[in-house]
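Data first, discussion second: the structure below is written as structure tokens.
Please treat every number below as a calculation from the coordinates, not as lab data. Every value quoted in this text rests on a predicted model; they were computed, and no experiment measured them. Please note: Cβ atoms are built from the backbone with ideal geometry, for glycine as well, and neighbour counts cover all protein chains shown.
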Amino acid sequence: MAIDHEELLHLLNRRLFLVGSAALASVSTMPWKALALSTEPLKFVQGEFEVTVFSDGSLRLPLNIIAADASPAQLKEIAKRLGWTSDNAELGTNIPLIKKGQDLVLIDNGSANKFQPTAGKLAENLKAAGIDPSAVTKVVFTHAHPDHIWGTLVDGDKLFLPNAAYYVGSAEWNFWTDPELLSKMPAEMGDFVKGAQRSLAAVKDRVTMVKGGDEIVPGLSVLDTPGHTPGHISLELSGGEGLIITADAMTNEIVSFEHPEWKFGFDANPDLAIENRKKLVDRAATDKIKMLGFHWTYPGLGIAERKGAAYVFAKAS
Ligand SMILES: [Zn+2]
């Protein structure tokens with residue numbers, strides 16, 4: 001699939017991305033405080049599924065990444081409501097492990113020790129819960145950004161989850177595995193491209209391409225939610241009131257609900273991301289479907305309630 005340069009820049013939203021990557025470089029020089037790990041991960045039953053939410057640690061990002069359209073005063077207020085104490089956004093990384101019958105399905109596998117020093121805690125947290133990585137049977141990649149898939153390889157070239165089958169959106173796979181991609185991208189995207197290509201190449205012999213409507217296991221289906229990346233997918237679990245695993249279609253429990261029309265700094269195509277975000281939150285509010293967000297405050301589980309023309313997030317357990 002050929003992508004011309006103009007379309008590519010549109011997809012990557014160079015302006016927003018540059019703001020994000022420059023700021024990321026500056027936060028990475030800051031001192032890190034040790035992250036307290038959750039000793040008792042949240043576990044709940046959803047229809048025929050048992051879901052445990054693991055954390056991969058936290059991510060520090062410049063505050064304006066969560067809402068590029070917000071004023072400094074609005075950002076300050078949001079940070080205060082979320083209890084963020086530094087000048088940065090402190091995002092969670094909530095990774096659900098879904099058990100059904102003999103299957104153990106992990107949604108994304110974190111960033112290992114390759115992205116930020118406060119992240120890469122998934123292995124430790126699985127171990128603390130007595131789960132052997134070799135027992136995971138399936139892994140779904142929602143998209144190929146570092147915080148979601150750089151944990152695919154550990155100790156150089158070993159798969160972290162050695163016995164799993166992998167699932168990824170076909171549009172996402174095609175975008176990142178384009179051999180010409182590195183030369184087509186802005187230089188600032190180089191590490192993202194190389195990391196995505198290395199992680200995806202590692203699973204090429206055991207990957208299944210998926211699209212909206214496909215099932216990973218019966219009752220766990222794929223939703224097409226492009227915009228954050230070209231082939232971003234979310235997931236939906238049937239049973240009970242239903243559960244939508246939004247991944248990065250909704251990146252913050254205040255901003256994505258109360259201002260779904262605001263741009264997120266790492267959305268490749270903000271307009272498409274906004275359109276899909278609005279559809280997702282509207283459907284969840286209408287049908288009272290629970291939602292689980294990757295970057296929301298741990299464990300990131302709640303419902304959308306209508307408020308005026310927008311929504312508010314209400315915690316669920
Ligand atoms: Zn993310």
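What the table below lists for this structure:
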item	result
Neighbourhood charge, 14 Å Cβ-Cβ cut-off, centred on residue 279 and excluding it, Lys, Arg +1 and Asp, Glu -1	-4
Cα-based reach from residue 307 at 18 Å (exclusive), listing lysines while leaving out same-chain residues under 8 positions away	278, 279, 288, 290, 315
Mean Cβ neighbour count within 10 Å, used as a protection proxy, ranking 201-212, 235-246 highest first	235-246, 201-212
Proxy reagent accessibility, fewest Cβ within 10 Å first, across 42, 161	42, 161
Fewest-first ranking of 303, 233, 216, using other Cβ atoms within 10 Å as the exposure measure	303, 216, 233
Point-charge dipole on Cβ atoms (K/R +1, D/E -1) for the range 222-317, about Cα centre, debye to 20	220
Fraction of antiparallel bridges per DSSP, the chain only, in percent to nearest 5	75
Three-way shape label, the chain, alpha-carbon gyration tensor, a/c 1.5	rounded
Extension gain from residue 182 to residue 163, taking 0.36 nm per residue of separation minus the Cα-Cα distance	3.8 nm
Net charge of Cβ neighbours under 12 Å - reference residue 42; Lys, Arg +1; Asp, Glu -1	0
Relative contact order [Cα under 8 Å, 6+ residues apart], the chain, whole percent	18
Cβ-based charge dipole, the chain, positive-most Cα from 192, 134, 270	134
Cα-based Rg / Dmax (Å) for the range 184-254	14.9, 46
Residue (of 219, 202, 95) at the positive-pole extreme of the chain, dipole from beta-carbon charges	95
Neighbour-count order for 286, 142, fewest beta carbons within 10 angstrom listed first	286, 142
Simple Cβ-charge dipole of the chain, Lys/Arg +1 and Asp/Glu -1, about Cα centre, in debye nearest 20	620
Under 12 Å, Cβ to Cβ, from residue 70 - net charge with Lys/Arg +1 and Asp/Glu -1	-2
Net charge dipole size for the range 49-127 [Lys, Arg +1 and Asp, Glu -1 on Cβ; Debye, nearest 20]	120
Whole-Å semi-axes of the ellipsoid equivalent to the range 145-206 (Cα gyration tensor, √5λ, descending)	21, 13, 9
